[in-house]
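Laboratory data are not the source of any read-out in this text; all were calculated from the coordinates shown. Keep in mind that this is a model prediction, so the values were computed, not measured. With ideal geometry, Cβ positions are generated from the backbone for all residues, glycine too; neighbour counts draw on all protein chains shown.
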Amino acid sequence: QVQLVESGGGLVQAGESLRLSCVASGSRFSINAMGWYRQAPGKEREFVATINWSDANTYYANPVKGRFTISRDYAKNMVYLQMNSLKPEDTAVYYCAARMGAGVGFARSEYDYWGQGTQVTVSS
């Protein structure tokens, strides 16, 4: 079992930045990748970014490329999402997810554990 807890959400204005954090506990040594997803009201949960836990390779969804950066602190079992140049369309609940299978994942079904989510609201 892996427990994930996100933090760092809040209300910001367009153009500002936020950094989300997620800490993993439990069977964290079995984690192969960590990802961030988001879900806006009335929409499906969508992929944002993922990072390979061992080699730190990263992948991003097109809407956030160049603005968001995913990173991890292996020793602290933390994953971060630095979000710059935020837009109103980035407003959503952001979820951290852990993947136990090999490689990184992009589909929701490829992740085994999820956090409770943290709200990000960007005003125009």
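If the only charges are +1 at each Lys and Arg Cβ and -1 at each Asp and Glu Cβ, what is the size of the charge dipole of the chain around the Cα centre, to the nearest 20 debye?
Rounded to the nearest 20 debye, it is 60 debye.
What's the local net charge at residue 112, with K and R +1, D and E -1, over the other residues with C-beta under 14 Å away?
Local charge sum for residue 112: +2.
Between beta-carbons, use under 13 Å as the cut-off and find the net charge around residue 123, counting Lys and Arg +1, Asp and Glu -1.
Here the count lands on -2.
Using the Kirkwood radius built from alpha carbon pairs, what does the Stokes-Einstein equation give as D for the stretch 32-124 at 20 °C and 1.002 mPa s, in µm² per second?
Answer from the Stokes-Einstein relation: 160 µm²/s.
Apply the Debye scattering formula to the stretch 26-79, with a single equal point scatterer on each alpha-carbon and no solvent, then give log10 I(q)/I(0) at q = 0.18 Å⁻¹.
Summing over Cα pairs of the stretch 26-79 leads to -0.64.
In whole Å, what is the distance between the alpha-carbon centres of the stretch 2-22 and the stretch 44-108?
Answer, in whole Å: 12.
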